[in-house]
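The values are calculated or read from the model by the stated rules, or taken from the named source; none is laboratory data. The model shown is predicted, which means the values in this text are computed figures rather than measured ones. Here Cβ is always computed from backbone atoms with ideal geometry, including for glycine, and neighbour counts include all displayed protein chains. All accessible areas refer to the heavy atoms of the entire protein, side chains included, with ligands and DNA or RNA removed. Shrake-Rupley method; radii C 1.70, N 1.55, O 1.52, S 1.80 Å.
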Amino acid sequence: MKKSLFVIFSLLLLASCGSSDKERVVEERENTGISREYVVKDASSNYRPGWIEDPEVWARDKNKDTAKNRYFSFETEPKVSRKIACDIAKANVKADIGGEIATFIDKQLATSTEGDASIDENNPNLKPLRQYIESTLAEKVQALIHGAAVVKTYWEKRAYKVELGAKKDFKAYTCAVFIRMDSKRLADAVDEAANFVANQSDDEATKSNVKKALDNAAENFTKAKKGEI
């Protein structure tokens, strides 16, 4: 009996592990059915786009060329006007992609201190590298990003209500953008960012280990966005 239960459990576990990003579906949600601390008074569409939640999955579901291009999305906090919200969303495209790349590289370094321990986490040369990523890299990556294009825009006019949980009653706008970037250009930006980090170290052993930890950074960044690692 115990053996049978173990076999059943193992099969269920394998089935769950076999579920991949390919099976995910990003559904668009009707604004009127969302429970929030605000009421949507107006919007550019009757439905909140699925690309806000997961741009890569949405693009795949809509048969976009996800091999040639990578997709991102960015949504602003509430702003006083629709124009300001959308201008900020469009202006923050590179900053958002740069931040995502910097976060990925930082995670790669953090992960490398575990497992095979290609980087010694007690190495005093590693801490400033992590600090460099946190404080500087995202800004530097922005200069490497070329061809990031805003494909779609979505905005909402909201009435925040105290009775719904807001701190005070006020009206505001949010804006979201759907971004497309050439995969090759993005890969080059990720690889250059990884090299930036490695070259910040004056210690040759640390530099070598960092380069090893960030080997195939562009490929792994793509896999990470797809949920494959």
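Peptides 160-166, 204-210 ranked from most to least packed by the mean count of surrounding Cβ atoms within 10 Å: 204-210, 160-166. Sorting TRP155, TRP58 by solvent-accessible area of protein heavy atoms yields TRP155, TRP58, largest first, with a 1.4 Å probe.
Across every pair of non-identical alpha carbons in region 73-229, the mean reciprocal distance, once inverted, gives a Kirkwood radius of 17.4 Å. Which entries of LYS107/LYS140; LYS94/LYS212; LYS157/LYS225; LYS62/LYS225; LYS94/LYS226; LYS79/LYS167 have Cα-Cα distances beyond 24 Å here? Flagged as over cut-off: LYS94/LYS212; LYS157/LYS225. Evaluated with a Cβ-only charge set (Lys, Arg +1; Asp, Glu -1), region 61-108 carries a dipole of roughly 240 debye about its Cα centre, given to the nearest 20. Shown are GLU134, GLU75, GLU228, whose ranking by accessible area with a 1.4 Å probe and every protein chain present, most to least, is GLU134, GLU228, GLU75.
For region 182-229, the square roots of the Cα gyration tensor eigenvalues, ordered a ≥ b ≥ c, give a/c of at least 1.5 with a/b no greater than b/c, which places it in the oblate category.
Among the protein heavy atoms, those of PHE74 account for about 50 Å² of accessible surface (1.4 Å probe, every chain in place).
CYS86 sits with roughly 20 Å² accessible to a 1.4 Å probe, with DNA, RNA and ligands left out of the calculation.
Note on TYR47: accessible area is roughly 110 Å² with a 1.4 Å probe, heavy atoms of protein only.
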